[in-house]
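A short reminder: the numbers here are calculations on the coordinates, not readings from a lab. What you see is a predicted model, and the numbers here were worked out from it, not measured in a lab. Backbone-built Cβ (ideal geometry, glycine too); neighbour counts: all protein chains shown.
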Amino acid sequence: MSRDLNSVHPSNELRDLVVSWIVLSLCFAIPYIRHLHFHGVLASFLAVGTGFATHELAHRTVARRMGLLARYQAWWGGLLLAFMVAIISTIAFRSTIVFAAPGAVVVYTPWSGIYAVHATYLVSLAGPLTNVGIAFVSWVVSRLAPPIISYYAYITAYVNAVLALFNSLPIPPLDGYKVIRYSVVHWLLLFILSLTLFIVVR
């Protein structure tokens, strides 16, 4: 398909990605900001930058390789909700809860029925699996590297493990819901993998 995506639905994708990255990073960084922990704040921004950006770009890459129109679109209500939940949970429970749904890659498909479900399945699966891969590699590095590198690698592993597990939940509009619509077995494998990795990293 040769049509430019902006002719279907205009969007400033770079703006949406940057704003989503900043807000989501702040949510993860709140505990470190409270204690003026510079390395924790910086690590949160770097970790979310790798985890969030690669997650969304994985969705987009798979979609475009299938010949589909795809671009990232921020969910402004979700970003506000994520920030409010992070602040309120930190104040109320002294533990930060991150609602990691800042937006999504919107895919325009000319297909319908099982073909559309299959395409959605492949695109959706790419995001959490990317986070799983980054989390695992970062966790291994955190166990082997010198202290300062180990610290940044651990934060990266933790953030990616959270993103993988959260997005694997079978709740619309999360990736897990789109995967389970296509295959319960594949979703179960994804969820078990994400949950196991989260437990190990944490």
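A few comments on the model shown:
- Matching residues, segment 42-59, being surrounded by fewer than 17 Cβ atoms within 10 Å (Cβ to Cβ), farther than 25 Å from A70 by Cβ and of a type in the set (G, A, S): none
- Hits in segment 42-70 - residues which are assigned to a helix (DSSP H, G or I), of a type in the set (A, V, I, L, M) and more than 15 Å from Y154 (Cβ to Cβ): A53, L57, A58, V62, A63
- Complete set of residues in segment 111-141 that are in contact with a Lys or Arg (Cβ under 8 Å, 6 or more places away or on another chain) and assigned to a loop (DSSP other than H, G, I, E, B): none
- When residues of segment 167-185 are limited to those that are of a type in the set (A, V, I, L, M, F, W, C) and assigned to a loop (DSSP other than H, G, I, E, B), the one surrounded by the fewest Cβ atoms within 10 Å (Cβ to Cβ): I171
- Test result for A164, small (G, A, S), under 20 Å from D16 (Cα atoms) and crowded, with 20+ Cβ neighbours inside 10 Å: no
- Of the residues making up segment 22-41, those that are surrounded by 15 or more Cβ atoms within 10 Å (Cβ to Cβ) and either in contact (Cβ under 8 Å) with a residue 40 or more places away in the chain or in a loop (DSSP other than H, G, I, E, B) (or both) are V23, L24, L26, C27, F28, I30, P31, G40.
- Listed by first and then second residue, the pairs with beta-carbon distance under 7 Å, at least 6 apart or on different chains, first residue in segment 46-64 and free of Cβ contacts under 8 Å to residues at least 12 places away in the same chain, second surrounded by 19 or more Cβ atoms within 10 Å (Cβ to Cβ), are R64/A70.
- Applying the criterion of being part of a loop (DSSP other than H, G, I, E, B) and among the small types (G, A, S) to the residues of segment 80-110, the residue that is farthest from T61 (Cα to Cα) is S95.
- R94 vs. criteria surrounded by fewer than 19 Cβ atoms within 10 Å (Cβ to Cβ), out of contact with any Leu (no Cβ under 9 Å at 6 or more places or on another chain) and within 27 Å of Y152 (Cα to Cα): yes
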